[in-house]
Amino acid sequence: MLRDEGPLVPMAGCTDLYVSLNFGTLKATRFLNLWRLDSLRTIAVRDDGLSIGALATHAELIRSPLVGRRLPMLAAACREIGGVQIQNRGTLGGNVANGSPAGDTLPVLAAADATLVLRCAGGSRRVPFDAFFTGYRKSVLRPDELIVSVEIPRVRGRQWFRKVGTRAAQAISKIVIAGIGPSDDEGPRFALGSVSPTVVRARRTEAALAAGCSLAEAQRTLEMEITPIDDVRSTAEYRRRVAANLLARFWNDTHRG
Ligand SMILES: Cc1cc2nc3c(=O)[nH]c(=O)nc-3n(C[C@H](O)[C@H](O)[C@H](O)COP(=O)(O)OP(=O)(O)OC[C@H]3O[C@@H](n4cnc5c(N)ncnc54)[C@H](O)[C@@H]3O)c2cc1C
């Protein structure tokens, strides 16, 4: 239908779409309802990695024993999304496709080196999460494609997630961070939301920590690596300060030094 009857806007849980419709920012009038495609809800282990269907809701991810064991930081992120009603309808694929830099699952997927599986009538392709977003709310997803699943390789280091918002529930992030502590084979990984036009993986900061730089040096690197702005939810200065403080907490909580 996307190929032959488009343009059509895919609808999953509609928790973002209805907001845009109400605000009058979505001009589209033709939609494709994905909600009943149960095959896109599967959460399973494949090739030693976790495979999550794009239509898995935040509530399903919170309840999933596999996610709890393999990727607890994703369950932690989903627990802080909206309230129960939003968690029951909002999906992982919708959070990604919506492309807000404040999307709470995005730093988790960035830190975990996730791959997105995209499919159109002609076939599918796999896009590393890092290469998906091309700018503010822009991505490589084509109008005839769907996100069908998210694949996450096994994570070895300790997982860490923090969201800073106005309240514990129903608040969009002022800043959101996910990290994975160093393990025997891999250095630390650290990604942030709401501090740049897209979710950002702090690779220079990771390299500084892996090279044994002081925490203060790593914090200075991080402050140069992010480009927060002043907006209705917070100021650039606050976001910069909190990012540096959370880097210190992440490092103290997850490395074995
Ligand atoms: C009151 C409220 C509170 C919220 N709180 C938070 C919060 O705390 N944190 C947070 O991150 N978000 C929050 N959100 C935003 C929203 O709930 C999430 O982004 C949610 O995950 C979106 O999923 P959905 O299935 O509802 O997406 P939809 O609204 O159905 O779709 C969103 C966009 O993605 C596209 N899309 C959806 N699925 C696919 C797919 N499989 N393939 C291709 N394109 C697709 C749609 O075309 C649309 O452009 C909140 C929203 C509301 C209304």
Would you tally the net charge around PHE129, using a Cβ to Cβ cut-off of less than 11 Å, leaving PHE129 out, and scoring K and R as +1, D and E as -1?
-1
Carbon and sulfur %, accessible surface of the chain computed with the full protein complex present, 1.4 Å:
51
Hits among lysines - C-alpha to C-alpha of LYS27 under 23 Å, sequence gap 8 or more where chains match:
LYS138
Using only Cα atoms and rounding to the nearest 10 degrees, what angle (0 to 90) does helix 215-225 make with the longest principal axis of the chain?
40
Under 10 Å, Cα contacts only: if you run a Gaussian network model on the chain, which one of LEU247, LEU209, LEU26 comes out with the highest mean-square fluctuation?
LEU26
Helix 236-254 versus the longest principal axis of the chain: what angle, 0 to 90°, nearest 10, using Cα atoms?
70
Only Lys, Arg (+1) and Asp, Glu (-1) charged, at Cβ; the stretch 1-139 dipole about Cα centre in debye:
200
How much area per residue is accessible in the stretch 28-70 when the probe is 1.4 Å and only protein heavy atoms are counted (Å²)?
55
Within straight cross-link reach of LYS163, meaning Cα distance under 12 Å, which aspartates and glutamates are found once same-chain residues fewer than 8 apart are removed?
GLU80, ASP104
Hey, what D do you get for the chain in µm²/s if you plug the Kirkwood alpha-carbon radius into Stokes-Einstein at 10 °C and 1.306 mPa s?
85
For a protection proxy built on the mean count of beta-carbon atoms within 10 angstrom, sort 42-51, 234-243 highest first, please.
234-243, 42-51
With every protein chain kept in place and a 1.4 Å probe, the stretch 99-257 has an accessible area per residue in Å² of 46
Could you check the spin-label model distance between ARG203 and ARG156? Points 7 Å from the Cα along Cα→Cβ, value in nm.
2.1
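For PHE23 and SER124, what is the calculated FRET efficiency with R₀ set at 41 Å and r taken between the beta-carbons, to the nearest 0.05? Could you put the intermediate results ahead of the total?
On the way: r = 33 Å, r/R0 = 0.80.
So, using R0 = 41 Å, E works out to roughly 0.80.
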Treating only the Cβ atoms of Lys and Arg (+1) and Asp and Glu (-1) as charged, compute the dipole magnitude of the stretch 34-96 about its Cα centre; round to the nearest 20 debye.
120
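The values are calculated or read from the model by the stated rules, or taken from the named source; none is laboratory data. No experiment lies behind these values; they were computed from the predicted model shown. Note that each Cβ is placed from the backbone with ideal geometry, even for glycine, and that neighbours are counted across all protein chains shown. With ligands, DNA and RNA removed, areas are computed over all heavy atoms of the protein, side chains included. Shrake-Rupley method; radii C 1.70, N 1.55, O 1.52, S 1.80 Å.
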